[in-house]
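*Asks:* Supplied in structure tokens, the structure appears directly below.
Here, each number is a calculation from the coordinates, and none is a lab measurement. Everything numeric in this text was worked out from a predicted model, so none of it was measured. Please note: Cβ atoms are built from the backbone with ideal geometry, for glycine as well, and neighbour counts cover all protein chains shown.
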Amino acid sequence: MSADNAAANGVVGVVGVVGYDIARVEAWIAAQVPALQGPFGWTRLEGGHSNLTYLLVDARGQKAVIRRPPMGELLPKAHDMGREWALISALGGTPVPVPKALGFCEDAAVTGAHFYLMGHVAGHPLYSADDARRWAPEPLRTTLGHSFIDVLADLHAVDPDAVGLSDLGKKDDYIGRQLKTWYRSWNASIAGANFDDPRAHALQQYFLDHVPEQGPARIVHGDYGLHNTLVGADGRIAAVVDWEISTLGDPLADLGYALNQWAEPGDPPPVRAVPPTSLPGFPTRRELAERYAARTGRDLSKLDFYIGFNRWKSAAIVHGVYARYLEGKKSAAGVDLDGLRRGIALSLAQAEAAVERLERGA
């Protein structure tokens, strides 16, 4: 088929597209998002928790992004496209940068799952030091760090009731519920992982006994890091993406997670890829925390509680993943299983260190 004939039949750039009935989806777009004109070119975008995410380019060169869950059986609350759609729709009128919400399809008959369409934002996620070298050169790294923490502060300034997100999740006892959930996960994974660690149990009890009083519930992203943002050419955060585990809760837990993701040059050697912020020129975690406190007015005297809690939670999450690999529930081909186990131990050690700082009042 010639290029002209392919274009006429709407199949340009659609070879190998997974999870989408091209004809049905493009018909749905024509009916629901008439500003876009098919046929479309489809290009797979990597990342995003294995969700099937594609860049669409329409007949006039306009760009959009389409997103649906992965194929196969999913956990009940996993890969929640409706939640993502609700977040980007609600936050579109706030200072928090998100892609434009274009359309949501909740008719699974169209292509086998819910999906949504959002505007394309020029920018790049940063997963590794190589990404930072390419997309965030050293002169832009201070700007990027400040923008990163300012966007999180802006998110936590949003009143969920005022933007129609009051039912996004329970508003009370966020930390307590998280501790119970991930402790159940740890215990359920002991047999499959074929190892336990007494620190996981002692830390869980410590955190339960010392939960700080939670202020007004705010929207928490749940996985806020440079891997879930699009960094613009000016070094600023152009958009925050991957909202599927967002809920309502304690904003300082979100801050603790974000700071834990923000590696520094003197940190322990990484278990996986070298983090982007381990390169010179980025602000330190302390500088980011101070900027967040100045911008929000929040008391960060118990910040190490949230740092430690998130380290413990990360250990529980990886412990469950490690167990599924060993049980054969996930393919372990090419996976560094020893690295995963080292990562669990490192996270527990870092959680203990945070508790020690908290107890010393450091």
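*Asks:* Please list, in chain and number order, the residues 5+ apart from residue 101 or on another chain whose amide H is under 5 Å from its amide H, with Hs placed from the backbone.
*Replies:* Long-range HN contacts for residue 101: 119.
*Asks:* Measure off 7 Å from each Cα along the Cα-to-Cβ vector at residue 300 and residue 44, then give the distance between these two points in nanometres to one decimal.
*Replies:* In this crude spin-label approximation the distance works out to 4.0 nm.
*Asks:* Next up: Figure the gain on full extension for residue 284 and residue 327 (residue separation times 0.36 nm, minus the Cα-Cα span) and round it to one decimal in nm.
*Replies:* Working: separation 43, 0.36 × 43 = 15.48 nm, distance 3.94 nm.
Separation in residues times 0.36 nm, less the Cα-Cα distance, equals 11.5 nm.
*Asks:* Placing unit charges on C-beta atoms (Lys and Arg positive, Asp and Glu negative, everything else neutral), compute the dipole magnitude of the stretch 129-360 about its Cα centre in debye, rounded to 20.
*Replies:* Numbers: 27 positive and 32 negative charges, 82 e Å.
So the magnitude is around 400 debye.
*Asks:* Looking at 253, 61, 212, which one has the Cα that reaches farthest to the positive end of the dipole of the chain (charges on Cβ: Lys, Arg +1; Asp, Glu -1)?
*Replies:* 61
*Asks:* Write down Rg/Rh for the stretch 129-360, rounded to two decimals, with Rg from the C-alpha atoms and Rh from the Kirkwood relation over Cα pairs.
*Replies:* Details: Rg = 17.8 Å, Rh = 18.6 Å.
Answer for the stretch 129-360: 0.96.
*Asks:* Of 85, 337, 140, whose Cα points farthest to the positive end of the dipole of the chain (charges on the beta-carbon: +1 Lys, Arg; -1 Asp, Glu; origin at the Cα centre)?
*Replies:* In the chain, that residue is 337.
*Asks:* Here is a follow-up. Which entries of 170/330; 170/302; 302/329; 171/313; 63/329; 180/302 have Cα-Cα distances beyond 29 Å here?
*Replies:* Working: 170/330 31 Å; 170/302 23 Å; 302/329 39 Å; 171/313 20 Å; 63/329 37 Å; 180/302 20 Å.
Correct reply: 170/330; 302/329; 63/329.
*Asks:* Mean separation of Cα pairs under 8 Å and 6+ residues apart, divided by the residue count of the chain: what relative contact order is that in percent? Kindly include the intermediate steps, with their values, before the conclusion.
*Replies:* Working: 582 pairs, mean separation 60.0, N = 362.
Once normalised by length, the contact order is 17 percent.
*Asks:* Now for a different question. How much length is gained on full extension from residue 180 to residue 130, taking 0.36 nm per residue of separation minus their Cα-Cα distance?
*Replies:* On the way: separation 50, 0.36 × 50 = 18.00 nm, distance 3.73 nm.
That works out to 14.3 nm of additional length.
*Asks:* I'd like the FRET efficiency for residue 55 and residue 31, computed as 1/(1 + (r/R0)^6) with the beta carbon distance as r and R0 of 25 Å, rounded to 0.05.
*Replies:* Values: r = 21 Å, r/R0 = 0.84.
Efficiency, from the Cβ-Cβ distance: 0.75.
*Asks:* Please give the calculated 222 nm ellipticity per residue for the chain, where each DSSP H segment of at least 4 residues contributes -39500 (n - 2.57) and the sum is spread over every residue; nearest 500 deg cm²/dmol?
*Replies:* Roughly -14000 deg cm²/dmol at 222 nm, from the helical runs in the chain.
*Asks:* Could you give each residue of the stretch 161-175 its phi-based ³J(HN,Hα) in whole Hz, using Karplus coefficients 6.51, -1.76, 1.60 with θ = phi - 60°, and x for Gly or Pro?
*Replies:* 5, 6, 10, x, 10, 5, 9, 5, x, 5, 9, 10, 6, 4, 5
*Asks:* Still on this structure, please answer the following. For the stretch 141-147, in order, what is each residue's ³J(HN,Hα) by Karplus, 6.51 cos²θ - 1.76 cosθ + 1.60 with θ = phi - 60°, in whole Hz (x at glycine and Pro)?
*Replies:* In residue order, the calculated couplings are 6, 5, 4, 4, x, 5, 4 Hz.
*Asks:* Relative to the present Cα-Cα distance, how much length would full extension add between residue 338 and residue 274 at 0.36 nm per residue of separation?
*Replies:* Result for the pair: 21.3 nm of gain on full extension.
*Asks:* May I pose another question? Along the charge dipole of the chain, Cβ charges K/R +1 and D/E -1, which of 33, 351, 157 sits furthest on the positive end?
*Replies:* Toward the positive end, the furthest listed residue is 351.
*Asks:* Could I ask something else about it? Applying the Karplus parametrisation 6.51 cos²θ - 1.76 cosθ + 1.60 with θ = phi - 60° to the phi angles of the stretch 234-246, what ³J(HN,Hα) value in whole Hz is obtained for each residue in order, glycine and proline being reported as x?
*Replies:* 8, x, 9, 6, 7, 6, 9, 10, 6, 9, 5, 10, 5
*Asks:* What is the distance in Å between the Cα centres of the stretch 114-142 and the stretch 171-191?
*Replies:* 32
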